[in-house]
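Below you'll find the structure, written out as structure tokens, and then a few comments.
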Amino acid sequence: MDGQTFSEWLKSFLGKIKGEKLDITAVIYEQIISEEDPMAAFQFFMENADDIISTGEVEVTPRYTAAEAHKIRLKCEDYVRGIINSALKRRISEKEFYKLLWHSIVDDNVMLQEKDDIIFAIYMLWMDEGIPYFELEDSIRMSNEQFQEISLKNKNIIKKAFFILRAPYEQRTETCALLIRLLSECETEEDKSVVMAQIMGKVEQRILRAMNAVTQENH
């Protein structure tokens with residue numbers, strides 16, 4: 001790397017490269033394992049890769065054909081997804097989280113024996129919405145009965161929220177600003193949490209309806 005730190009190398013590499021993300025991951029993995037502290041390099045990659053904008057002036061050398069990538073996916077995807085989900089449930093510090101992933105995928109894993117399996121696992125991490133990881137504080141939990149009770153208490157606010165979602169605003173910022181303002185009408189943090197849960201549920205319903213409509217059109 002000509003005296004470059006890993007962070008400098010990654011920014012230079014990702015700042016120019018274009019091509020299939022799996023092929024790009026293969027190059028980055030080779031660099032990570034050559035580092036004096038591979039786990040620290042791995043964590044830096046996970047936390048910063050998506051912030052680096054590429055000019056696309058250099059094409060990555062293809063490593064996998066589509067058929068080869070598909071074969072690796074069939075072999076590893078469900079297993080790696082399980083590793084990711086298990087790690088996310090631990091609710092540990094950022095450093096401990098990446099240490100756990102590195103250990104589970106690279107250092108001590110009987111299921112990911114081949115280098116290509118490990119590269120695919122790191123590629124999956126890079127693509128996952130749980131990356132970069134953040135340690136979160138404890139939040140509000142409640143019983144179904146309490147949720148229903150608070151929903152009833154805030155039924156008019158929830159109805160107004162649903163109306164705001166349906167209103168024909170041109171920009172999402174307009175809708176979001178009204179929803180934020182509406183939350184200020186809630187009396188407690190528990191009330192706000194329930195109203196937000198109802199809003200999220202309504203948005204999820206709309207997404208599912210849209211997906212079902214597309215599926216029906218394609219049949």
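The values are calculated or read from the model by the stated rules, or taken from the named source; none is laboratory data. This is a predicted model, so every value here is computed, not measured. All Cβ positions, even for glycine, are placed from backbone atoms using ideal geometry, and neighbour counts span all protein chains on display.
For the range 151-162, enumerate the residues that are closer than 14 Å to Arg206 by Cβ and surrounded by fewer than 11 Cβ atoms within 10 Å (Cβ to Cβ).
Passing the criteria: none in range.
Output the qualifying pairs, or none if there are none: Cβ atoms under 7 angstrom, residues six or more apart or on different chains, first residue in the range 126-147 and over 17 Å from Phe42 (Cβ atoms), second residue among the hydrophobic types (A, V, I, L, M, F, W, C) and outside any loop (DSSP other than H, G, I, E, B). Close Cβ pairs (under 7 Å, with a partner that is among the hydrophobic types (A, V, I, L, M, F, W, C) and outside any loop (DSSP other than H, G, I, E, B)) amount to Phe147/Val194. Residues that are assigned to a loop (DSSP other than H, G, I, E, B), exposed (fewer than 12 other Cβ atoms within 10 Å of the Cβ) and not polar (S, T, N, Q) do occur in the range 30-41.
Each row is one residue, and each column tells you yes or no for (1) of a type in the set (Asp, Glu); (2) touching a residue at least 40 places away in the same chain (Cβ under 8 Å).
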{"site": "Tyr169", "(1), (2)": "no, no"}
{"site": "Thr173", "(1), (2)": "no, no"}
{"site": "Glu187", "(1), (2)": "yes, no"}
{"site": "Asp191", "(1), (2)": "yes, yes"}
{"site": "Val195", "(1), (2)": "no, yes"}
{"site": "Gln198", "(1), (2)": "no, yes"}
{"site": "Met211", "(1), (2)": "no, no"}
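Cβ separations smaller than 6 Å between residues 6+ apart or across chains give the following pairs from the range 36-53 residues that are at negative phi to residues that are of a type in the set (Gly, Ala, Ser) and in a loop (DSSP other than H, G, I, E, B): Ile52/Gly15.
Of all the criteria given as (1) farther than 24 Å from Ile52 by Cβ; (2) basic (Lys, Arg); (3) buried (at least 16 other Cβ atoms within 10 Å of the Cβ), the one not satisfied by Arg90 is (3).
Just one residue in the set Tyr169, Tyr123 is surrounded by 10 or more Cβ atoms within 10 Å (Cβ to Cβ) and in a loop (DSSP other than H, G, I, E, B); that residue is Tyr169. Only one entry of Leu183, Leu165, Leu136 meets the criterion of being out of contact with any Gly (no Cβ under 9 Å at 6 or more places or on another chain) and closer than 30 Å to His103 by Cα, and that entry is Leu136.
Residue-level check: of (1) modelled with pLDDT of 95 or more; (2) in contact with a helix residue (DSSP H, G or I) (Cβ under 9 Å, 6 or more places away or on another chain), Ser104 misses just (1).
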